[in-house]
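No lab work stands behind these numbers, since they all come straight from the coordinates. Just so we're clear, the structure is a prediction, and the values are computed from it rather than from any experiment. Ideal geometry is used to build each Cβ from the backbone, glycine not excepted, and the neighbour counts take in all protein chains shown.
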Amino acid sequence: MAEASPRKLEALELFAPLPRHYDRVAALLSFGQDPRWRRTMVGAVRAQPGERVLDVATGTGLVARELVRRYGCQVVGLDQSYEMLASARTRLQHDDELAAHITLIEGEAERLPFADETFDHLTFTYLLRYVDDPAATMNELARVVKRGGRIASLEFAVPPNPLWNGLWRLYTRVGLPSLGRLFSREWAQTGRFLAHSIPSFYERYPVERVVELWEQAEIGDVHVRRMSLGGGLVMWGRRTADKDGGERRRPSADGGAQDT
């Protein structure tokens with residue numbers, strides 16, 4: 001792995017202590033919405049049994065396990081965090097069927113250790129805020145997907161509606177750190193980090209700009225779906241058959257399809 005940037009080091013240090021209770025706490029802090037967002041993203045993949053899917057930023061393997069359960073596909077889960085992968089491996093020890101379909105490896109989204117067009121489809125979760133060059137990362141993610149394959153992602157988002165935006169900012173700035181403190185000092189620190197990193201990312205990369213990054217990476221027919229009053233953002237598209245191919249769908253002025 002190449003020398004880590006300050007942004008990457010911060011992410012690695014932040015999440016290293018969290019894996020043990022990550023799934024449960026993440027669901028609670030999102031008021032139960034995080035699992036629903038992940039299911040929606042997985043549903044956009046529409047893989048077939050036996051196809052290969054790369055799950056980038058797999059963390060504790062939540063998406064990888066959902067992909068296998070839904071489609072019976074083969075999944076490679078990649079993450080830069082040794083601690084997260086260790087937690088994912090522990091979970092697989094209790095389910096031989098899942099373990100037979102999932103391979104976990106340590107690696108970086110910016111430098112994937114795979115040849116061009118290795119995978120039928122690809123998913124990534126809560127990733128772009130942690131990389132130094134989102135455009136280059138999108139190109140690298142698309143590179144390993146076969147032409148016509150689907151790419152889907154999940155990110156936190158900032159609600160566009162002024163009322164919900166105000167409530168969201170209050171919750172992320174006050175509620176997240178306070179609730180996180182109930183679980184551990186590390187979760188309180190994570191809450192403070194998210195309150196800053198989420199709006200900071202969208203100030204630099206509004207949703208329309210993120211769609212452009214996908215299209216520039218030769219991903220067409222890009223769909224945007226805001227969920228839970230805009231707190232979650234699911235995107236999906238298809239690797240174009242050629243450089244200029246594929247239908248392109250831009251989000252509407254309010255950021256795309258809504259799902260409250």
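Structure data summary
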quantity	calculated
Burial order of peptide ranges 64-70, 215-221, 194-200 (average beta-carbon count within 10 Å, highest first)	64-70, 215-221, 194-200
Burial order of peptide ranges 36-43, 77-84 (average beta-carbon count within 10 Å, highest first)	77-84, 36-43
Two-site FRET efficiency, Lys146 against Arg169, from Cβ-Cβ distance with R₀ of 41 Å, rounded to 0.05	0.50
